[in-house]
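J.: Structure incoming, see below.
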Amino acid sequence: MSCSMRSLTEDDNRYLKSFQLFLERSSEHQCMQDFIHIALPDILASIGRGKDYLNVMGVGSGAGEIDLQMLTELHLKHPAVTIHNQVVEPSAQQLHMYKVLVSQNANLDFIKFTWNKMTATEFQKQWNQNNCKEKMDFIHMIQVLYYVKDPGATVSFYQSLLDKNGKLLIILVSGESGWGKLWRTFRMELCNTEISQYVTSGDIKTYLDSKAVCYQSFELPSQMDITECFIEGDAKGELLLDFLTEVVDFSSSAPPELKAGVLDLLRHPDCSKEVEGRVIFNNTLEGLVVGGGGTGEVDQPSTLT
Ligand SMILES: C[S@@+](CC[C@H](N)C(=O)[O-])C[C@H]1O[C@@H](n2cnc3c(N)ncnc32)[C@H](O)[C@@H]1O
């Protein structure tokens with residue numbers, strides 16, 4: 001990374017603004033909702049098995065929109081059960097938005113929330129220091145492993161918290177998405193932080209395979225309209241470019257050759273297609289579901305269409 005470029009993770013306000021714009025311009029949450037309503041119910045039905053309470057943990061929950069939908073789906077499968085939901089989220093702003101969302105929703109008495117304003121790694125340290133032995137029934141890490149130093153170790157730690165029938169859900173951009181192409185091409189120029197940042201589901205599958213950990217895989221097709229990125233000086237286009245590159249003010253801080261290279265690749269057919277004059281970026285995600293048991297056969301991938 002050129003010394004004039006700063007990681008977006010160092011600027012909480014700009015990160016939040018660019019993430020919210022990304023949600024507006026993409027079908028990110030829509031494809032997750034499809035997954036939650038079509039594939040997740042069966043997965044959730046298999047956890048717990050007769051327990052009268054369920055331990056759930058959201059790591060990097062953001063403002064909680066997706067979490068609440070999963071919790072509602074979990075309640076439909078286990079209507080008589082109380083849910084203890086641990087939220088692990090370092091951003092005060094996001095945590096506040098999550099609490100507001102909970103306070104506006106009258107139908108959540110079946111959930112007891114515990115708020116942990118901290119990173120996944122801080123939570124892990126605290127857990128170990130307190131010698132906690134509690135087991136989890138459902139843990140999810142949705143679009144969050146980019147922000148930890150060692151994604152493999154993080155997956156292994158959180159998997160180790162699962163009860164026998166517990167499930168860990170990981171969602172990340174697919175290695176085959178536009179993100180995968182962009183990051184494989186420019187990772188060295190863009191990144192110099194300690195955290196993994198440009199990790200894809202492909203990297204996690206390689207890690208799980210190396211540990212002989214079985215998982216189910218779900219493709220979540222999704223798109224993102226990045227047309228504004230190609231309008232010089234467009235404030236929203238610049239914000240989206242920050243989110244794509246994970247660099248603050250990428251447009252003004254990147255060396256000109258790097259900026260030109262990134263813009264060229266973004267509209268290349270490897271990353272995007274043109275539809276009615278708009279540039280539509282391939283934002284396909286992949287969901288991986290790991291069980292508490294650990295090793296065994298790798299399940300066949302499924303596609304949500
Ligand atoms: C891309 S957002 C995803 C939010 C939510 N899971 C969703 O899909 O809508 C990433 C979230 O991870 C949080 N985060 C950043 N670094 C983290 C870390 N080291 N550990 C846990 N969460 C982190 C951010 O604050 C943000 O809320």
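J.: Kindly indicate which of Asp163, Asp203, Asp137, Asp225 is away from the ligand (no atom under 16 Å from the Cβ) and within 21 Å of Arg25 (Cβ to Cβ).
T.: Asp225
J.: While we're on this one: What is the number of the single condition among (1) within 13 Å of the ligand (Cβ to nearest atom); (2) over 30 Å from Pro269 (Cβ atoms); (3) of a type in the set (A, V, I, L, M, F, W, C) that Leu168 does not meet?
T.: The number of the failed condition is (1).
J.: Could you please let me know if Thr305 is modelled with pLDDT under 95, more than 30 Å from Ser160 (Cβ to Cβ) and surrounded by fewer than 13 Cβ atoms within 10 Å (Cβ to Cβ)?
T.: Against the criterion (modelled with pLDDT under 95, more than 30 Å from Ser160 (Cβ to Cβ) and surrounded by fewer than 13 Cβ atoms within 10 Å (Cβ to Cβ)), Thr305 qualifies.
J.: Sticking with this one: Return the only residue of Val102, Val56, Val81 being of a type in the set (Val, Ile, Thr) and either within 13 Å of the ligand (Cβ to nearest atom) or touching a residue at least 60 places away in the same chain (Cβ under 8 Å) (or both).
T.: Val56
J.: Which residue out of Asn107, Asn85 is farther than 27 Å from Thr200 by Cβ, in contact with a helix residue (DSSP H, G or I) (Cβ under 9 Å, 6 or more places away or on another chain) and part of a strand (DSSP E or B)?
T.: Only one candidate qualifies: Asn85.
J.: Now for a different question. Considering only the range 4-15, state which residues are part of a loop (DSSP other than H, G, I, E, B) and away from the ligand (no atom under 14 Å from the Cβ).
T.: The answer is Ser4, Met5.
J.: Could you please find all residues in the range 182-228 being part of a helix (DSSP H, G or I) and β-branched (Val, Ile, Thr)?
T.: Matches in the range 182-228: Thr185, Ile204, Thr206, Thr227.
J.: Same structure, new question: Take the residues of the range 16-52 that are free of Cβ contacts under 8 Å to residues at least 24 places away in the same chain and part of a helix (DSSP H, G or I): which is surrounded by the most Cβ atoms within 10 Å (Cβ to Cβ)?
T.: Among those residues, the one meeting the criterion is Leu23.
J.: Would you pick out the residues in the range 104-117 that are under 18 Å from Val88 (Cα atoms) and surrounded by fewer than 13 Cβ atoms within 10 Å (Cβ to Cβ)?
T.: Answer for the range 104-117, where residues must be under 18 Å from Val88 (Cα atoms) and surrounded by fewer than 13 Cβ atoms within 10 Å (Cβ to Cβ): Lys112, Thr114.
J.: Restricting to the range 186-212, count the residues that are of a type outside the set (A, V, I, L, M) and at pLDDT 95 or above.
T.: So the answer is 10.
J.: Residues of the range 103-161 being farther than 29 Å from Asp12 by Cα and in contact with a Gly (Cβ under 8 Å, 6 or more places away or on another chain), which ones?
T.: Selection gives Lys135, Met136, Asp137.
J.: On to the next question. Hey, any hits in the range 64-77 for a residue that's surrounded by 15 or more Cβ atoms within 10 Å (Cβ to Cβ) and of a type in the set (Gly, Ala, Ser)?
T.: yes
J.: Follow-up. Have a look at Ser61, Ser18, Ser27, Ser4 and point out the one that is hydroxyl-bearing (Ser, Thr, Tyr) and either over 18 Å from the mean Cα position of the chain (by Cα) or on the phi > 0 side of the Ramachandran plot (or both).
T.: So the residue among Ser61, Ser18, Ser27, Ser4 that is hydroxyl-bearing (Ser, Thr, Tyr) and either over 18 Å from the mean Cα position of the chain (by Cα) or on the phi > 0 side of the Ramachandran plot (or both) is Ser4.
The values are calculated or read from the model by the stated rules, or taken from the named source; none is laboratory data. Note that the structure is a prediction, hence the values are computed from the model and not measured. Glycine gets a Cβ as well: all are built from the backbone with ideal geometry, and neighbour counts include every protein chain shown.
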